[in-house]
Amino acid sequence: MFSKSKISIAAGVFAIMTMGFATPSLALFVGVDPPSLQSAGDVTGSTLSSMGLPLFGAHHRPLMSYAGLDKGKCAWGTIDGGYNGGGEKGYLVNEEAGICGDFADNSLRLGFGLGQNNLYQETIYSGKQNGHGGYGVAEADYRLQQAIVSLTGFYGITNADIDRGYLIIGIPNISKGSTNVDTAAAKLMVNWLDVANFGGFSLSPRLSYTFAYTHADGYRESGGTAPAVFGGQSMTGHYFRLGLEGKKTFNGGKTDFIGTLEAVHYADNDGNISGSVSGTPFSISHGSVHHNWARVGVDLDHRLNDGMVLSGSLFGSTAGMDPDATGAVSLKVSF
């Protein structure tokens, strides 16, 4: 969920497609241009990154899809990371632990986890953002004859420290601020299992929809020549993902290799950043935003012993709202 845009921060989930500035003379008067204000004010995009990493990273597959966790109760620990390159680099790191249990003759699996997120993003004019927070994730998987239907919910609170970079008559300046951001999301996914075989691989298509909402409190900057005041923001996003998994078991039945191809569409149609600089108001908004991109990835699940699975995943993304690269390592136990 990092944006590939040079003027967006972190995920840039709400990257500006069309930009209007309420007072054009403001940029000339104080040397602060719309990209500088947008890069700092769009803190909601950064925080949605921490939502996307667990939902599309460590939880990109249902808990019920991992073979060897069939004793009725289970637990997991995961480290998840994402990286975005380019001119404005950034990274995300999440740590998470959770428990799960099977019900209704093992056709229903419920899980709940707690985690902490850390993010860093470079922004325009040598600015940067750091975020730290915590989150909860809950998952319900239901197995049909040849499919798994899963619903995953996420809620997190992040404290973001923002250093906004800008130029005053060509001289670099930094103004600093902090705010709190609440993020909530829900993902509905259907995995159709083993619908075909090709080249020794069992093929399983999947389809998911995710709704995300985030709200950032307003904040006031300090320091620098032209500190700004930013109003609160509330934004939403919609993610549609269509994927195909190819699975092959080897190593005497102890290891599963899973390759994944995924197409993603993102849409939102709201969001606006407003505030004031030196008492002069500004407003930066965008209309409807649509992005399409693709991901490719691999998973390895290795059953260490009866009831213990070590998993790793690695994904790469084309230009879009996902990080350039993500990876996760997870240990799951059943008891």
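Rolling a 1.4 Å probe over the protein heavy atoms leaves F112 with an accessible area of roughly 110 Å². Note on F103/A319: beta-carbon distance plugged into 1/(1 + (r/R0)^6) with R0 of 45 Å gives a FRET efficiency of 0.60.
As a calculated quantity, the FRET efficiency between E95 and R220 at R0 = 35 Å, using C-beta atoms, amounts to about 0.65.
Separation of region 244-261 and region 165-220, taken as the distance between their Cα centroids, equals 27 angstrom. Compactness of region 141-239, taken as the C-alpha radius of gyration over 2.2 N^0.38 Å, stands at 1.78. Distance between the pseudo-spin-label points of H132 and S285 (7 Å out from Cα toward the beta carbon): 3.7 nm.
Could you order peptides 295-306, 227-238 by the average number of other Cβ atoms within 10 Å of their residues, highest first?
227-238, 295-306
If you plug the beta carbon distance of L110 and A294 into 1/(1 + (r/R0)^6) with R0 = 35 Å, you get a FRET efficiency near 0.65. For region 192-245, a/c is not less than 1.5, where a ≥ b ≥ c are the root eigenvalues of the C-alpha gyration tensor, and a/b tops b/c. That puts it in the prolate class.
Rounded to the nearest whole Hz, the Karplus-based 3J(HN,Hα) values (6.51 cos²θ - 1.76 cosθ + 1.60, θ = phi - 60°) of region 187-202 follow the sequence 10, 10, 10, 10, 10, 8, 9, 6, 7, 7, 10, 8, x, x, 9, 8, with x at glycine and proline.
Ranked by the mean number of other Cβ atoms within 10 Å of their residues, highest first, the peptides 315-322, 175-182, 70-77, 52-59 fall in the order 52-59, 315-322, 175-182, 70-77.
Annotation: amide H-H contacts under 5 Å for S283 (H modelled 1.01 Å from N, sequence separation of 5 or more, or interchain): A22, T23. Which pairs, out of K71/K332; K73/K332; K73/K248; K254/K332; K71/K254; K89/K187, put more than 20 Å between their alpha-carbon atoms? From the list (K71/K332; K73/K332; K73/K248; K254/K332; K71/K254; K89/K187), the Cα-Cα distance tops 20 Å for K73/K248; K89/K187. For region 95-133, no residue has its backbone nitrogen under 16 Å from a point 7 Å from the Cα of A186, taken along Cα to Cβ. Model label sites at N159 and L203, defined 7 Å from Cα along the beta-carbon direction, differ in position by 5.1 nm. Could you tell me the accessible area of T214 in Å² (1.4 Å probe, neighbours in place), rounded to the nearest ten? Taking all protein chains as shown, T214 has close to 0 Å².
In region 247-268, whose amide N lies under 11 Å from the spot 7 Å out along Cα-to-Cβ of V195? List them in ranges. Counting backbone N atoms under 11 Å from the label point, the list is empty.
The values are calculated or read from the model by the stated rules, or taken from the named source; none is laboratory data. Note that the structure is a prediction, hence the values are computed from the model and not measured. Don't worry about glycine lacking a Cβ; one is built from the backbone with ideal geometry, like all the others, and counts go over all protein chains shown. Only protein heavy atoms, including side chains, enter the accessible area calculation; ligands, DNA and RNA are left aside. Shrake-Rupley method; radii C 1.70, N 1.55, O 1.52, S 1.80 Å.
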